[in-house]
Amino acid sequence: MRQRLQELRNALLALHKTLIESEREGYEATGATIKSPNQFLQLLMNDPWFAWLHPLSQLVVAMDEALQGKEPVNDSDAEALMRQAEKLLVASEVGAGFARHYHEALQRDPDVVMAHADAAKHFSARKSAG
């Protein structure tokens with residue numbers, strides 16, 4: 001179970017990185033200039049443009065904490081984190097928040113689609129293993 005959680009975490013981290021880069025490109029396309037890595041970090045943490053990414057960031061951090069804790073992650077905690085990831089990565093054309101922005105990112109960026117597919121394969125593997 002730990003190995004499956006680690007593999008999903010790695011896929012989510014790659015997806016997160018892809019989404020950040022996609023959003024950066026969109027942000028800069030509006031005419032805004034990001035002058036330094038520190039400024040970009042501040043934007044990621046505080047600018048409403050990037051706020052929708054926070055649930056995915058928090059999930060990756062939660063997985064890191066579970067995997068690096070003093071006690072080995074137990075199966076039920078690992079399963080709960082995997083279910084949380086599966087629920088989070090549902091895109092929606094309607095509404096607001098993560099699901100809506102995620103849908104838009106999937107529509108505009110093929111790299112996001114590929115990173116999503118890589119993460120999603122861990123959900124089907126989890127279901128067939130469980």
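Odds and ends about this structure:
- Only helices enter the 222 nm calculation for the chain: every DSSP H run of n ≥ 4 contributes -39,500 (n - 2.57), and dividing by all residues gives -25500 deg cm²/dmol, rounded to 500.
- The chain: most fluctuating residue of Ala96, Ala11, Ala105 per GNM, C-alpha cutoff 10 Å: Ala96
- In this structure, Ala80 and Lys35 have a Cβ-Cβ separation that, at R0 = 25 Å, corresponds to a calculated FRET efficiency of about 0.05.
- On Cα atoms only, tilt of 97-108 relative to the major axis of the chain in degrees: 70
- GNM top mover of Leu44, Leu12, Leu53 - the chain, alpha-carbon springs below 10 Å: Leu44
- By the count of neighbouring beta-carbon atoms within 10 Å, fewest first, Ser57, Ser36 end up ordered Ser36, Ser57.
- Glu104-Glu28 FRET efficiency (beta carbon distance; Förster radius 22 Å; 0.05 resolution): 0.85
- Neighbour-limited loop hits for GluC sites (Glu not before Pro), segment 60-102 (at most 12 other Cβ within 10 Å; DSSP other than H, G, I, E, B): Glu93
- The three principal axes of the Cα atoms in segment 1-99 give end-to-end lengths of 47, 33, 18 Å, sorted in falling order.
The numbers here are math on the coordinates, done by the rules we state, and not lab data. What you are looking at is a predicted structure, and each value in this text was computed from that prediction instead of being measured. Cβ atoms come from the backbone with ideal geometry, glycine included; neighbour counts cover every protein chain shown.
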